[in-house]
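Reviewing the structure listed below.
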Amino acid sequence: MTYEPYRIIGADRPSRWLVTCDHAANTVPPFVNDGQLGLARGDMERHIAYDVGAAGVATALAEALDAPAILSNFSRLVIDPNRGEDDPTLLMKLYDGTIIPANRNAGPEELEQRLNACYRPYHTALAELAARRGDTVILSIHSFTRQLQGRDPRPWHIGILYAADDRLAKPLIRRLEQEHDLCIGENQPYGGHLPGDAIARHAIAHQRLNVLVEIRNDLIEDEPHQVEWAQRLAPILQQALEQTGL
């Protein structure tokens, strides 16, 4: 079976929204250390390997918004598509206290192979989808773990991330604050965006409206909760977009 580094859903859907999921899968392609990173199965099912539950939310949101979606099909530990090519964390050797055995001695040749086989095809496909219409709005779906090793529990249910372009993020935060059962993180649990990351590359560089949504992964561990979150967020996202007037 031929390996594909990404999956596109609903390519012909008409919405101006484009849903992306950079960390959708914990797949290790067969050409990377014979298809394994030297980690226990439990570690490969943790947040260090992919964004737990994010693919299901992204898929259901794309359907609710009648929008296309693109989802990666390689673990963030193989290579991280939400980093610039010159980012030192592009190929992680240690993450949340866990050493990645197959990455410890990975040199420039191994990095280049993973760039060509996984990272660059994903970004090429994302760029083509984003360019399908002039008013594309990029919605990037991620999830975060409730607690990192040795850290305090994170209180937020959902985080809205943005950098210099807050045209969509600010109205979305204001609208979410009306949902009184939710704890909203503004640029939490992470701050803004990194230079050269997926939003910088495909949204900010082209002045496209964008927002990155982080959902706490214990809230979206199974399909019913993923669909529930998507159905709740879809009308809220539409309302926030309308409020921009753009």
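The values are calculated or read from the model by the stated rules, or taken from the named source; none is laboratory data. Keep in mind it's a predicted model, so treat the numbers as computed, not measured. Reconstructed Cβ throughout: ideal geometry from the backbone, glycine too, with neighbour counts over all protein chains shown. Heads up: the accessible areas ignore ligands, DNA and RNA and are worked out on the full protein's heavy atoms, side chains in. Shrake-Rupley method; radii C 1.70, N 1.55, O 1.52, S 1.80 Å.
Counting only helices (runs of 4 or more DSSP H) that fall entirely inside the range 77-189 and contain at least 2 residues that are closer than 23 Å to LEU65 by Cα, the qualifying elements are 120-130, 169-176. I'd like to know if the range 87-110 contains one or more residues that are over 18 Å from MET44 (Cβ atoms), among the small types (Gly, Ala, Ser) and crowded, with 17+ Cβ neighbours inside 10 Å. The answer is no, given that none of the residues of the range 87-110 is over 18 Å from MET44 (Cβ atoms), among the small types (Gly, Ala, Ser) and crowded, with 17+ Cβ neighbours inside 10 Å. On inspection, ALA62 fails the criterion of being touching a residue at least 12 places away in the same chain (Cβ under 8 Å) and either surrounded by fewer than 22 Cβ atoms within 10 Å (Cβ to Cβ) or touching a Ser or Thr at 6+ places or on another chain (Cβ under 6 Å) (or both).
Residue-by-condition table, conditions (1) open to solvent by 10 Å² or more (accessible area, probe 1.4 Å); (2) touching a Gly at 6+ places or on another chain (Cβ under 8 Å):
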residue	(1), (2)
ASP12	yes, no
HIS23	no, no
VAL28	yes, yes
PHE31	yes, no
ARG41	yes, no
MET44	yes, no
VAL52	yes, no
VAL57	no, no
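Look at the range 40-56: where a residue is touching a residue at least 40 places away in the same chain (Cβ under 8 Å) and a partner is assigned to a helix (DSSP H, G or I) and buried (at least 21 other Cβ atoms within 10 Å of the Cβ), sitting 6+ places away or on another chain with Cβ atoms under 6 Å, you get GLY53/GLN226; GLY56/GLN226. Restricted to the range 199-217, and to residues there that are part of a helix (DSSP H, G or I) and closer than 17 Å to ARG132 by Cβ, the residue that is most open to solvent (accessible area, probe 1.4 Å) is HIS206. Here the range 116-153 is the region considered, the condition is being of a type in the set (D, E, K, R) and at pLDDT 95 or above, and the residue that is most open to solvent (accessible area, probe 1.4 Å) is GLU128. Using the structure shown, decide if ASP222 is touching a Ser or Thr at 6+ places or on another chain (Cβ under 9 Å), farther than 24 Å from THR89 by Cβ and open to solvent by 10 Å² or more (accessible area, probe 1.4 Å). Answer is no for this residue. Inside the range 225-238, residues that are exposed (fewer than 14 other Cβ atoms within 10 Å of the Cβ) and in contact with a helix residue (DSSP H, G or I) (Cβ under 8 Å, 6 or more places away or on another chain) make up a count of 1. Scan the range 160-177 and report the pairs whose first residue is in contact (Cβ under 8 Å) with a residue 24 or more places away in the chain and whose second residue is among the aromatic types (Phe, Trp, Tyr) and crowded, with 17+ Cβ neighbours inside 10 Å, with Cβ atoms within less than 7 Å and a gap of 6+ or a chain change. As it stands, the answer is ALA169/TYR162, since those pairs meet every condition given.
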